[in-house]
Amino acid sequence: MPSHPLRVAVVCSSNQNRSMEAHNILSKRGFDVRSFGTGSHVKLPGPAPDKPNVYDFKTTYVQMYNDLNGILHMLDRNKRIKSKPERFQNCKDKFDLVITCEERVYDQVLEDLNSREQETLQPVHVINVDIQDNHEEATLGAFLICELCQCIQHTDDMENEIDELLQEFEEKSNRPFLHTVCFY
């Protein structure tokens, strides 16, 4: 088992619902976790499905909270965890595991990691778990991600055991998982 907690990044599009719920659960379980979005802006539900509220990644959760009357529970949770959403492409920290919440975000994370100059050749496992962007699915997905991270944390040899572990999780959860190894 690794001597340090797994360094985990959880990524969705806007760093609001799915990644923040997983961030919340993982941090309560003792993981070294950060969460991110990959979009160019932060989008929150608006007055109509085609009219979201759009914010810059520099906008704090407190500012968004004060601006909105809906989705306040989600922002209340978010501002207790960190001050503002973060964009994955702007973070140069290294992780053991990056978990994305939809295939489009997975592709954006891979594109970013593969465009970086390789320096240390430290592996990072990128795993996608498709999670619908609503409160209930975000909660269920967060517990699934936490269980996956706990199993990975307790492997003796993550590099050789992760594929079999992911296959077990696919069967157990009835969800497809995507997995790619990149290098820093």
Condition check for Glu170: assigned to a helix (DSSP H, G or I), open to solvent by 60 Å² or more (accessible area, probe 1.4 Å) and either closer than 21 Å to Gly39 by Cα or not small (Gly, Ala, Ser) (or both)
yes
When Phe57 is run through (1) of a type in the set (A, V, I, L, M, F, W, C); (2) crowded, with 16+ Cβ neighbours inside 10 Å; (3) assigned to a strand (DSSP E or B), the failure sits at (3)
Scanning region 13-38 for residues that are over 18 Å from Glu147 (Cα atoms) and either part of a helix (DSSP H, G or I) or aromatic (Phe, Trp, Tyr) (or both) gives Phe36
Residue in region 71-90 that is buried (at least 18 other Cβ atoms within 10 Å of the Cβ), among the charged types (D, E, K, R), in contact (Cβ under 8 Å) with a residue 24 or more places away in the chain and touching a Leu at 6+ places or on another chain (Cβ under 8 Å) present:
no
Would you be able to say whether some residue in region 155-167 is over 17 Å from the mean Cα position of the chain (by Cα), within 23 Å of Asn114 (Cβ to Cβ), at pLDDT 95 or above and assigned to a strand (DSSP E or B)?
no
Can you tell me which condition Ile127 does not meet? The list is (1) under 16 Å from the mean Cα position of the chain (by Cα); (2) closer than 16 Å to Arg7 by Cα; (3) open to solvent by 20 Å² or more (accessible area, probe 1.4 Å), and all the others hold.
(3)
For Lys28, state whether it is in contact (Cβ under 8 Å) with a residue 12 or more places away in the chain, of a type in the set (D, E, K, R), over 16 Å from Cys101 (Cβ atoms) and surrounded by fewer than 15 Cβ atoms within 10 Å (Cβ to Cβ).
no
Taking interchain pairs and intrachain pairs at least six residues apart, which have beta carbon atoms under 6 angstrom, with the first residue in region 111-133 and in contact (Cβ under 8 Å) with a residue 12 or more places away in the chain and closer than 17 Å to Asp93 by Cβ and the second among the polar types (S, T, N, Q) and open to solvent by less than 40 Å² (accessible area, probe 1.4 Å)?
Asp112/Gln89
Residue hits (region 39-54; of a type in the set (Val, Ile, Thr) and either in a loop (DSSP other than H, G, I, E, B) or open to solvent by less than 50 Å² (accessible area, probe 1.4 Å) (or both)) are Val42
Does region 46-66 include one or more residues that are in contact (Cβ under 8 Å) with a residue 24 or more places away in the chain and among the aliphatic types (A, V, I, L, M)?
no
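The values are calculated or read from the model by the stated rules, or taken from the named source; none is laboratory data. Note that the coordinates shown come from a computational prediction; the quantities given were computed from them, not determined experimentally. Quick reminder, even Gly has a Cβ in these numbers, built from the backbone with ideal geometry, and neighbours come from all protein chains shown. Each accessible area value is taken on the protein alone, full model and side chains, heavy atoms only, with ligands, DNA and RNA left out. Shrake-Rupley method; radii C 1.70, N 1.55, O 1.52, S 1.80 Å.
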